[in-house]
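Before any comments, here is the structure.
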Amino acid sequence: MNEKLSRLRFRAAQQYELRCFVCHRPYGPRFQFHHVEYPADWKTYRDFKTNTKYNEYIIPRIMERPDVFLLLCKPCHELVSTVQRVRGQGKFERLLDACRRSRLGGAGSARRAAGKRKSGRKGA
Ligand SMILES: [Zn+2]
């Protein structure tokens, strides 16, 4: 990407506090502006032959309509894109439920936490 586009991208990213919406990692290379919606009359990435041409088109729109995008780091963008593909009656909610239970609750996680305390390294 050329220097002018990099500067414009940086200015666009300033609208999002220069950090990933999900993990709050500071803005850097390979961050992406993720569409939360596609306004009907907007072109898409596929309408452009080069990444540069697409960026010249989309960056002014990010400046005008920051509500249409989220700033995401590459790993979080991949995660969001993967989870977006989860469709079907109640499936998304059950996926979130499964993630919450795996992280936060259940006897298994309490045992794991106790185990870590006993065998964990001193200090840290
Ligand atoms: Zn992130």
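A few notes on this one:
- Each residue, V86 and Y45, gets one label point 7 Å from its Cα in the Cβ direction; the gap between the two is 2.2 nm.
- Tail beyond 17 Å, pair distance distribution of the stretch 3-88 (Cα, percent): 50
FYI, it's all coordinate maths here, none of it is from the lab. Keep in mind it's a predicted model, so treat the numbers as computed, not measured. Positions of Cβ are backbone-derived with ideal geometry, glycine not excepted, and every protein chain shown enters the neighbour counts.
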